[in-house]
Every structure is written in C-alpha cells, then in structure tokens.
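The values are calculated or read from the model by the stated rules, or taken from the named source; none is laboratory data. What you are looking at is a predicted structure, and each value in this text was computed from that prediction instead of being measured. With ideal geometry, Cβ positions are generated from the backbone for all residues, glycine too; neighbour counts draw on all protein chains shown.
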Amino acid sequence: METPTAVEIDKNKTGDGPPAAARRRRRNGEESGARFFLPKPGSTLKTPELGREFAKEGDALVEAFKKDQHFYVVTAWRAESQQTDGAPVIVKQPVNDPEKD
C-alpha cells in the first residue's frame, strides 16, 4: 500500500470552511496580533533573542532575506477554561493589546 501524496490528500478534503492558514490571517495577510522581529546579533535558534521589530510580516521577510537570516513571529495567548458538553476544556484565546483597541 502506497502512502498518499500531499496532492492526493488535498483532493480528498471536504472543503468545509477555509484552510487553517486562511482562518489565522487577516485580510491584509498579517496574522492577528502577531509581532515580527529579526534576531539580535549573536542570537541563535537555540537561544533566541529578539532584535529589531517590524510592523509588517513582509518588511521582516524582506530584511531577513537581505541579511540572509531568519525572523521571528511572536503571538501572545491566554489559557482559559470553557465547558464543552459539561466537560471542562482548556482553550487558547488571543491576548489583545489595549493600546491598539
């Protein structure tokens, strides 16, 4: 029995709702509440340190490309308890920046 390829798996999807990536992104392509950073000089993936911040993902992407380095996308979440069919479930909720509201 062969393992299905990504294309075959994609063809078998039901199409219920938008793909996960589309649900996470806003109309302008930016992730909701996300912040974008280049690493500090001397920082590594093992011990990341945030350096220069960018307002848009595209700006961070271009600068990271120019400098041949990676960039970080940071989001903040809060864990909350909800009842689902009488059972407690822990879910994540985005943390809103009061300065932007």
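Here are some notes:
- Of residues in region 68-101 being farther than 14 Å from F36 by Cβ, touching a residue at least 24 places away in the same chain (Cβ under 8 Å) and touching a strand residue (DSSP E or B) at 6+ places or on another chain (Cβ under 7 Å), the one surrounded by the fewest Cβ atoms within 10 Å (Cβ to Cβ): V95
- Of all residues in region 55-67, those satisfying the criterion of being assigned to a loop (DSSP other than H, G, I, E, B) and either in contact with a helix residue (DSSP H, G or I) (Cβ under 7 Å, 6 or more places away or on another chain) or closer than 9 Å to F36 by Cβ (or both) are A55, K56.
- The listed residues are A34, A55, and the only one of them that is surrounded by 13 or more Cβ atoms within 10 Å (Cβ to Cβ) and among the small types (G, A, S) turns out to be A34.
- For region 5-20, the condition of being assigned to a loop (DSSP other than H, G, I, E, B), at pLDDT 95 or above and on the phi < 0 side of the Ramachandran plot holds for none of the residues.
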